[in-house]
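Asks: This is the structure I have questions about; it appears just below.
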Amino acid sequence: ELVHDFSSNIENQPPILLNKKEHAVGYLNKILNARVYEAAIETPLQHAVNLSEHLQNTVLLKREDQQPVFSFKIRGAYNKMAHLTSAQLENGVVACSAGNHAQGVALSARKLGCRAIIVMPLATPSIKVNAVRMHGGPTVEVRLFGNNYDEAAAEAKRLQTEENMTMIHPFDDPLVIAGQGTIGVEILKH
């Protein structure tokens with residue numbers, strides 16, 4: 001039987017890189033210090049009885065549909081925005097999304113009292129557009145732009161540059177990732 005002792009010389013080992021800028025300890029610290037519960041709730045795990053029986057295993061569902069925007073996306077959006085400086089909040093935020101991230105940014109902007117422009121493709125269903133408007137209130141503007149996501153994203157990037165707004169990316173941001181990572185902490189607590 002092959003057994004490896006991972007404890008020996010651990011201090012000489014390089015960090016486990018998640019990307020070129022961050023390592024596992026850095027992300028764990030960001031997750032543990034994430035500011036999500038000002039906008040999100042801790043959601044329960046629900047036993048999926050029928051699916052568990054069918055798969056002959058225990059299946060638990062994380063009920064993120066119970067969040068104020070019915071999605072886990074509020075966690076990352078709010079955490080990112082809650083860490084902005086007052087000057088950045090004053091300049092406003094911009095995001096590109098045709099769905100749940102847009103709603104998370106809109107509600108976060110309302111809670112933090114900042115201006116937000118949410119760029120959505122022209123073909124975005126009206127139910128999604130209306131949900132963003134409802135969650136955001138008077139400081140949130142929805143701009144329908146472009147025939148696809150890439151064109152809408154280019155418009156959001158233009159606004160970021162020309163109006164000095166902060167981009168709230170749906171996934172490619174350490175603070176957004178940390179906000180989403182709070183789901184894992186909640187699962188480990190159960």
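Asks: Grab the DSSP H runs of the chain that are 4 residues or longer, score each as -39,500 (n - 2.57), total them, divide by all residues and round the 222 nm result to the nearest 500 deg cm²/dmol.
Replies: Working: 8 runs with 86 residues, N = 190.
Result for the chain, helices only: -13500 deg cm²/dmol.
Asks: Would you mind checking the tilt of helix 174-189 against the longest principal axis of the Cα atoms of the chain, expressed as 0 to 90 degrees and rounded to 10?
Replies: The answer is roughly 50 degrees.
Asks: Per residue, what accessible area does the chain have, given a 1.4 Å probe and all protein chains present, in Å²?
Replies: On the way: 11170 Å² over 190 residues.
For the chain, the solvent-accessible area averages 59 Å² per residue.
Asks: Select one label from [x] 183; [y] 133; [z] 192: the one whose number is volume of the Cα convex hull per residue in Å³ as derived from the coordinates shown.
Replies: Only one listed value fits the structure, namely [x].
Asks: On a C-alpha basis, how far is the centre of region 95-124 from the centre of region 148-190 in Å? Whole number, if you could?
Replies: Result: 11 Å between the Cα centres.
Asks: Let's test the formula: R0 of 22 Å, r as the Cβ-Cβ distance of residue 58 and residue 28. What FRET efficiency results, to the nearest 0.05? Don't skip to the answer; put the middle values down first.
Replies: On the way: r = 26 Å, r/R0 = 1.18.
My answer for the efficiency is 0.25.
Asks: Helix 73-82 against the longest principal axis of the chain: what's the angle in degrees, Cα atoms only, rounded to the nearest 10?
Replies: It works out to around 70 degrees.
Asks: In percent, how large is the relative contact order of the chain, given Cα pairs closer than 8 Å and 6 or more residues apart? Before the final figure, lay out each step's value.
Replies: Numbers: 310 pairs, mean separation 44.2, N = 190.
For the chain, the relative contact order is 23 percent.
Asks: Of the heavy-atom accessible surface of the chain (probe 1.4 angstrom), what whole percent is carbon and sulfur? Working shown, then result.
Replies: On the way: 6280 of 11170 Å².
Carbon plus sulfur share of accessible area: 56 percent.
Asks: Would you kindly state how much longer the chain becomes between residue 134 and residue 65 on full extension, computed as 0.36 nm times their sequence separation minus their alpha carbon distance, in nm to one decimal? Walk me through the intermediate numbers first.
Replies: Working: separation 69, 0.36 × 69 = 24.84 nm, distance 1.72 nm.
The residue 134-residue 65 span can extend by a further 23.1 nm.
Asks: Another question, if that's okay. I'd like the orientation of helix 126-136 relative to the chain: the angle between its Cα long axis and the longest Cα principal axis, in ° from 0 to 90, rounded to 10.
Replies: So the inclination is approximately 90 degrees.
Asks: Within the set 73/157; 128/189; 62/157; 30/111; 30/128, which residue pairs have Cα atoms separated by over 24 Å? The partial results should precede the final answer.
Replies: Working: 73/157 20 Å; 128/189 33 Å; 62/157 33 Å; 30/111 21 Å; 30/128 30 Å.
Pairs exceeding 24 Å: 128/189; 62/157; 30/128.
The values are calculated or read from the model by the stated rules, or taken from the named source; none is laboratory data. Keep in mind the model is a prediction, meaning the values are calculated, not measured. When we count neighbours, we look across all protein chains shown, and the Cβ atoms used for this are built from the backbone with ideal geometry, even at glycine. Ligands, DNA and RNA are excluded from the accessible area calculation, which covers all protein heavy atoms including side chains. Shrake-Rupley method; radii C 1.70, N 1.55, O 1.52, S 1.80 Å.
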